[in-house]
1. Filtering segment 232-243 down to residues that are touching a strand residue (DSSP E or B) at 6+ places or on another chain (Cβ under 6 Å) and open to solvent by 60 Å² or more (accessible area, probe 1.4 Å), which residue is farthest from PHE183 (Cα to Cα)?
2. Please work out which one of (1) open to solvent by 60 Å² or more (accessible area, probe 1.4 Å); (2) more than 16 Å from the chain's Cα centre (by Cα) is the condition PHE107 fails and give its number.
3. For residues that are without any contact (Cβ under 8 Å) to a residue 12 or more places away in the chain and in a loop (DSSP other than H, G, I, E, B), tally how many sit in segment 127-144.
4. Under the condition of being closer than 17 Å to ALA146 by Cα and in a loop (DSSP other than H, G, I, E, B), which residue from segment 185-231 is least open to solvent (accessible area, probe 1.4 Å)?
5. Suppose we keep only residues that are over 30 Å from GLY131 (Cβ atoms) and of a type in the set (Asp, Glu) within segment 57-103. Which one would you say is farthest from the ligand (Cβ to nearest atom)?
6. Would you tally the residues in segment 1-41 being part of a loop (DSSP other than H, G, I, E, B), buried (at least 24 other Cβ atoms within 10 Å of the Cβ) and more than 7 Å from the ligand (Cβ to nearest atom)?
7. Kindly establish whether LEU165 is away from the ligand (no atom under 14 Å from the Cβ) and within 19 Å of THR7 (Cα to Cα).
8. With respect to the numbered conditions (1) outside any helix (DSSP H, G or I); (2) free of Cβ contacts under 8 Å to residues at least 24 places away in the same chain, which one is the sole condition not fulfilled by GLY147?
Amino acid sequence: MKTAVITGASRGIGRACAVRLAKDGYAVVINYSRSEEEAQKALDIVKANGGEGMIYRADVTDPEQAKALIREAEKAYGQIDVLVNNAGMVKDAYLLMLETKSLDKCFDLNVKGYFYCAQAAALKMFRKKSGVIINMSSVSGDMALAGQSVYSATKGAINSMTRVLARELGERGIRVNAVAPGFIETEMIDVLPPDKKEEYLKAVPMHRFGTADEVANVVSWLASNACAYVTGQIITMDGGLSL
Ligand code: NAP
């Protein structure tokens, strides 16, 4: 069965991607690291919509667990067609307040985790000479938002990685693209102080934050054959924030 693995799919953007890709006909593997109940809720939504899927616990910052996620997904459904590298975190702090351990955590998840999963999935996709990898980046990969030096650096790294992997894997029929959302209403945004939220809303020409479903629409489109000749691209969707 056509299969999509989505990292960090217990909630937020990842969950919306899982629900959407299941509607598109993929068996979805909903990865989570801690929130089992939330992951189960995501699977319940998939099934309520007539979809197929499973949940799988793996901390993708551990290369062995990332490999196991891809291995078990293949074992369950026979193949891996789409990987959505989505599990990420934000560690906002001004330079002088930055703690080494938050720097490490952010790079471990937002950069190394993406590499580990891409490597494991590409190995499976190599054999069937087809596959799609979609990396969840952010407008912060290109934009300079004060307090986001670490987060921006990780997302900038993802944009570079996306382009290089697209070049490396193209001849194997594997497409690699990234989605760069602006502010999206998820728990990640909920933690912002109200005055910051207000400031950001004013900065968005469309004067609203995006929704996880709107990100999932772009992911679904990139995964589809409508994008069969699209690779190495960073698709920005931010209500005009970065203009
Ligand atoms: P979120 O609501 O905080 O969800 C994060 C997800 O990542 C959860 O499912 C969490 O599951 C999972 N996760 C965390 N650590 C993990 C680990 N070590 N291994 C596996 N899964 C792990 O985040 P979100 O807002 O949906 O963001 C998703 C992605 O979109 C991130 O890459 C983020 O940078 C990007 N993005 C978000 C926004 C935004 O405004 N929200 C904007 C641009 C880009 P557990 O709880 O089970 O650990």
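1. Checking each candidate, the answer is GLN233.
2. Single failed check for PHE107: (2).
3. Narrowing segment 127-144 to residues without any contact (Cβ under 8 Å) to a residue 12 or more places away in the chain: 127, 144.
Remaining after also requiring in a loop (DSSP other than H, G, I, E, B): 144.
Count: 1.
4. VAL204
5. Residues of segment 57-103 that are over 30 Å from GLY131 (Cβ atoms), as a first pass: 91-103.
Then keep just the ones that are of a type in the set (Asp, Glu); that gives 92, 99.
Working: ASP92: 12, GLU99: 18 Å.
So, considering only residues that are over 30 Å from GLY131 (Cβ atoms) and of a type in the set (Asp, Glu), the one farthest from the ligand (Cβ to nearest atom) is GLU99.
6. So in segment 1-41, the residues part of a loop (DSSP other than H, G, I, E, B) come out as 1-2, 7-11, 24-26, 33-35.
Then keep just the ones that are buried (at least 24 other Cβ atoms within 10 Å of the Cβ); that gives 7-10, 26.
Now drop any that are not more than 7 Å from the ligand (Cβ to nearest atom), which leaves 26.
Result for segment 1-41: 1.
7. Working: away from the ligand (no atom under 14 Å from the Cβ): yes; within 19 Å of THR7 (Cα to Cα): yes.
Yes: the conditions hold for LEU165.
8. (2)
The values are calculated or read from the model by the stated rules, or taken from the named source; none is laboratory data. All values reported here derive from a predicted model rather than from experimental measurement. Neighbour counts run over all protein chains shown; Cβ positions are idealised from the backbone, glycine included. Please note that ligands, DNA and RNA were not included when accessible areas were found on the heavy atoms of the full protein model with its side chains. Shrake-Rupley method; radii C 1.70, N 1.55, O 1.52, S 1.80 Å.
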